[in-house]
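These notes are about the structure you will find just below.
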Amino acid sequence: MDDVLVLGGGPAALCIASELKQRGVAVSGIAADPIDDPWPNTYGIWAKELEQLDLANLLEHRWSDTISFFGSGGSAQEDQPIPHQLDYGLFNRSALQRYWLKRCGEMTWHVDRAHQIDVGQDDTKVTCASGQSHVARLVIDASGHRSTHLQRPNHGPVAGQAAYGVVARFNRPPIASGQFVLMDFRSDHLTAEQRREPPTFLYAMDLGQDLFFVEETSLALAPPVAQEVLQQRLQQRLTHRGVAITAVEHEEHCLFPMNLPLPDLQQPVLAFGGAASMVHPASGYMVGALLRRGPGLAEAIASALAVEPRLGSAALAREGWRTLWSPELVWRHRLFQFGLNRLMGFNQALLRRFFSSFFSLSQQDWSGFLTNTLPLPRLMALMLRLFLVSPWDVRRGLVCGAPKSQAPVPWPSNGTTSPGSPV
């Protein structure tokens, strides 16, 4: 019997499995597909997050010319970019996957799907779709936010961030050479009616050798913006600037929850990654959090097993939940969700003014906010400072919420999702 059984085969599963193996924990996994199958989605990260972990070699692309557009685009003045002056990177997905698999060593991965989980006094039994069963002291569900094996409170509709993008070649560059565009909120390509609809922005990067990734993205909304709408808006945006796609090499569809409630932190099945609501509610980032928080969680589990090798599932899970979601992290999560709920009702003009104010803060503050690395007191001070420097209509929206005509409508809880984030 293994100490830990990990469910899932994506970044979260490989991360926590590798950290446990590095600490001598007996661990195996259950993944729906072969564990070395390529991952379909792109994963971006601020380069300094990897530099602090000495993992910058995992980047396939890196940009120093990082910008955003928060004007409407209707004039030369509103076409001016905001420079971020902070390097951004795109993971080499194969290198990241190999990095974790190498750290997993000769670990056993069963290609199957967990069908039922039965928690006993000392251990937990997982029965798979194939009929095979596996037993471990602790089960960690890292299979994503759609897992049916975890309990979490119902706080109402869950909002999703949607995106449609392509890696393609164009008749002319869609963005400047060597550039990364975090957010392009210019809306001069939209009709008057479209400008009254939920806002979207462009996320784009120069991949070199005349190849670019361009993606139309919506902030969290319930229900999420349809893929067809995002595809149409991307085409409109490109056409308005005289840009045409000549060859598509990859098409990407993304949809993931941004305000998923935290799981029940008393349950005897532990979670990690999207299943543990580790997606940043305000930015959609998660891979950096996996790399930072995985070692601490694995250390807590390994230490508990070293002290009491026969510790039961419930006790081990309690140790894990206590480490993964400390009181400070819970409060930070709540603050991010509060801010997200306010922004979901903002129209395009309000969002542009909000982000202009946000990126006028110090780089250390706004980047710490986006990566969830600010201590709670500093996060609270930053949010107060942001409120004070924002225009009066943005402040009113942050306090009172958006007018009812702009408020989001519920997103059905059974909406289709995609296991990845472009950011």
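What pairs come up if the first residue lies in segment 381-400 and is without any contact (Cβ under 8 Å) to a residue 60 or more places away in the chain and farther than 11 Å from Phe346 by Cα, the second is loosely packed, with under 13 Cβ neighbours inside 10 Å and among the hydrophobic types (A, V, I, L, M, F, W, C), and their beta carbons are under 9 Å apart, counting only those six or more places apart or on different chains? Every condition considered, the pairs that remain are Phe387/Val399; Arg395/Leu388.
Any residue in segment 367-377 that is closer than 30 Å to Val27 by Cα, surrounded by fewer than 22 Cβ atoms within 10 Å (Cβ to Cβ), touching a helix residue (DSSP H, G or I) at 6+ places or on another chain (Cβ under 9 Å) and at pLDDT 95 or above? For segment 367-377, residues closer than 30 Å to Val27 by Cα, surrounded by fewer than 22 Cβ atoms within 10 Å (Cβ to Cβ), touching a helix residue (DSSP H, G or I) at 6+ places or on another chain (Cβ under 9 Å) and at pLDDT 95 or above: present. The residue that is surrounded by the most Cβ atoms within 10 Å (Cβ to Cβ), among those in segment 61-78 that are touching a strand residue (DSSP E or B) at 6+ places or on another chain (Cβ under 7 Å) and over 17 Å from Phe358 (Cα atoms), is Trp63. Mind checking which residues of segment 37-88 are modelled with pLDDT of 95 or more and of a type in the set (Asp, Glu)? Within segment 37-88, Asp37, Glu49, Glu51, Asp54, Glu60, Asp65, Asp87 meet the criteria. Just one of (1) surrounded by fewer than 18 Cβ atoms within 10 Å (Cβ to Cβ); (2) under 29 Å from Gly9 (Cβ atoms); (3) in contact with a strand residue (DSSP E or B) (Cβ under 7 Å, 6 or more places away or on another chain) fails for Thr148. It is (3).
Note on segment 168-231: enclosed strands (runs of 3 or more DSSP E) holding 2 or more residues that are among the polar types (S, T, N, Q) are 211-218.
For Gly71, the stated conditions do not hold, so it cannot be described as in contact with a Lys or Arg (Cβ under 8 Å, 6 or more places away or on another chain) and not in a loop (DSSP other than H, G, I, E, B). Note on segment 31-60: among residues that are in a loop (DSSP other than H, G, I, E, B) and hydrophobic (A, V, I, L, M, F, W, C), the one that is surrounded by the most Cβ atoms within 10 Å (Cβ to Cβ) is Ile35.
One line per residue, one yes/no per condition, for (1) crowded, with 21+ Cβ neighbours inside 10 Å; (2) within 28 Å of Gln194 (Cβ to Cβ):
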| residue | (1), (2) |
| --- | --- |
| Asp206 | yes, yes |
| Ser218 | yes, yes |
| His240 | no, yes |
| Ala247 | no, yes |
| Leu260 | yes, no |
| Ala298 | yes, no |
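Cβ-Cβ distances below 8 Å connect the following pairs, each with a first residue in segment 113-129 that is free of Cβ contacts under 8 Å to residues at least 24 places away in the same chain, a second residue that is assigned to a loop (DSSP other than H, G, I, E, B) and of a type outside the set (Ser, Thr, Tyr), and a separation of six or more residues or different chains: His115/Ala129; Ala129/Asp112; Ala129/Arg113. Restricting Gly420, Gly415 to those that are touching a strand residue (DSSP E or B) at 6+ places or on another chain (Cβ under 9 Å), surrounded by fewer than 18 Cβ atoms within 10 Å (Cβ to Cβ) and at pLDDT below 95 reduces the list to Gly415. Every condition in (1) out of contact with any Gly (no Cβ under 7 Å at 6 or more places or on another chain); (2) surrounded by fewer than 17 Cβ atoms within 10 Å (Cβ to Cβ); (3) farther than 29 Å from Gly9 by Cβ is met by Thr200 except one, and the failing one is (2). Tyr88 meets the conditions (1) loosely packed, with under 15 Cβ neighbours inside 10 Å; (2) under 13 Å from Val181 (Cα atoms); (3) within 19 Å of the chain's Cα centre (by Cα) in every case but one. The failed one is (1).
Across segment 272-318, the qualifying residues are those that are assigned to a loop (DSSP other than H, G, I, E, B), over 23 Å from Glu51 (Cβ atoms) and modelled with pLDDT of 95 or more, and the one among them that is farthest from the chain's Cα centre (by Cα) is Phe272.
Only a single item in (1) touching a Cys at 6+ places or on another chain (Cβ under 9 Å); (2) of a type outside the set (D, E, K, R); (3) surrounded by fewer than 17 Cβ atoms within 10 Å (Cβ to Cβ) is not met by Pro83, and it is number (1). Tally the residues that are assigned to a helix (DSSP H, G or I) and free of Cβ contacts under 8 Å to residues at least 24 places away in the same chain, restricting the search to segment 356-371. Adding up the residues that qualify gives 4. Residues of segment 1-30 being assigned to a strand (DSSP E or B), at pLDDT 95 or above and surrounded by fewer than 22 Cβ atoms within 10 Å (Cβ to Cβ), which ones? Correct list: Asp3, Ser28.
Only one entry of Leu96, Leu101, Leu90 meets the criterion of being under 30 Å from Arg352 (Cα atoms) and either touching an Asp or Glu at 6+ places or on another chain (Cβ under 9 Å) or not in a loop (DSSP other than H, G, I, E, B) (or both), and that entry is Leu90.
Using the structure shown, decide if Leu384 is in a loop (DSSP other than H, G, I, E, B) and surrounded by fewer than 17 Cβ atoms within 10 Å (Cβ to Cβ). Here the answer is no, as Leu384 does not meet what is asked.
Put simply, of Asp2, Asp37, Asp33 the only residue that is in contact (Cβ under 8 Å) with a residue 40 or more places away in the chain and farther than 17 Å from Leu270 by Cβ is Asp33. Of note, Ser143 satisfies the criterion of being under 20 Å from the mean Cα position of the chain (by Cα) and not in a strand (DSSP E or B).
The values are calculated or read from the model by the stated rules, or taken from the named source; none is laboratory data. Every value quoted in this text rests on a predicted model; they were computed, and no experiment measured them. As a convention, Cβ positions derive from the backbone with ideal geometry for all residues, glycine included, and neighbour counts pool all protein chains shown.
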